[in-house]
Amino acid sequence: TSMMDEYRLETIDELSQHILTASDRSMREAIAKLPKGSWRHSVRIDGFADPVDLCATLTIDGETIFIDFEGTSPVSKYGVNCPIGYSHAYTSFGVKCLVAPRLANNAAVLDRIVVRAPEGTIVNAPFPAPVTARALIGQMLPDLVFGCFEQAMPGRAPAEGTGASWSLRFGAGPGVTGPGFKGTAFLSQNFQSGGMGAHWLHDGIAATPYPSGVKAIAIEITEALTPLVFWRKELRCDSGGAGVMRGGLGQTIEVGSREDAPFAIFARFQRVKFPADGRGGGAPGAAGALSLASGAGILQHGTQMIAPGERLVVEMPGGGGLGYPSKRDPRAVEADVANGYVSAQAARDIYKVTLGADGRVDEARTIHARQSQE
């Protein structure tokens, strides 16, 4: 209203129309630079009880971008289903990240991205299908879109990343760990993530969620509000997919309780059975895993109990790599090993880079190893 007073405007209708007209023109110009045609891609993810196939066909006609989810898995009885609006939002976000990342988000821009999905699929769930955990599916859709665009425009789309964030949902008390519970009752959620996929211009970003963008919660906050103790929180060596550009690293978190009482994790994690894929010869990122410090594995889905005195170990997945690992700059591999991102064994076996006793690249042995592979 202050702006309207300053410019003596009675209405902003004309200004709104100008913005929408200019935005539509800019979006059409961006789309006009893209190749015309149709490309199809599919991604299999863990789902909840059963694997989920996400399928998409990208069609570009010169003025509009169409994404059709025909062939995607049907609605689940669990709450991982997406309403079509949620699917549209994450699909459009993935498209904009590649096509017009700096263009303002408004109705005119989004009208140029048409999303279609058969009703009854997991990305177009009709009422009253449960949708409370829709992020597990919705946050995977940009990777699906990128797979289509990589066929249309090779060398533009990043590799797959963790996708759905690895939120740590903890609890304890009579309604969680059973009757007769003796200890502090609590419910807590701590946002964390694995790594992003590699980009053609740089390595993937470690322990960073995409596409959600949610910030991690400091572990000290959870420790202050609950009986939990975080014994480890560190980047996970060798979890980023190998490539000319390395995938972002996941992280390892180890947590236990200060009390002689059990606690639970409400698990619903992806990228355990089907890790983030690489592109252009890049390797997939490491799969995620849940286990106990004593060595036993636990399930990635459902309420999992951690016995008194035991610790939970959460290993978060890494992002996929881009390009053949043997083409990565040996000095970058040397730096990765020095920083603890890549082990010396992986440098030798995967990247074909041999390091000397001083941690520096052994030029002669590295050249020989790479020539032998070729």
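The table below gives the values:
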{"read-out": "Subset of segment 351-374 that is at pLDDT 90 or above and among the hydrophobic types (A, V, I, L, M, F, W, C) - its residue that is farthest from Y341 (Cα to Cα)", "value": "A357"}
{"read-out": "Cross-chain or 6+ apart pairs with Cβ under 7 Å, segment 319-338 first and closer than 20 Å to A286 by Cα, then among the basic types (K, R) and not in a helix (DSSP H, G or I)", "value": "G320/R279; G321/R246; L322/R279; S326/K352; D336/R246"}
{"read-out": "Candidates A104, A108 - the one that is surrounded by fewer than 22 Cβ atoms within 10 Å (Cβ to Cβ), aliphatic (A, V, I, L, M) and assigned to a loop (DSSP other than H, G, I, E, B)", "value": "A104"}
{"read-out": "Condition check for F149: more than 30 Å from F230 (Cα to Cα), hydrophobic (A, V, I, L, M, F, W, C) and in contact (Cβ under 8 Å) with a residue 60 or more places away in the chain", "value": "yes"}
{"read-out": "Members of segment 85-105 that are farther than 20 Å from P158 by Cα and modelled with pLDDT under 95", "value": "A104, N105"}
{"read-out": "Counted residues, segment 1-54 - those being closer than 23 Å to F149 by Cα, of a type in the set (A, V, I, L, M, F, W, C) and free of Cβ contacts under 8 Å to residues at least 60 places away in the same chain", "value": "1"}
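The values are calculated or read from the model by the stated rules, or taken from the named source; none is laboratory data. What you see is a predicted model; the values in this text were computed from it and never measured. Note that each Cβ is placed from the backbone with ideal geometry, even for glycine, and that neighbours are counted across all protein chains shown.
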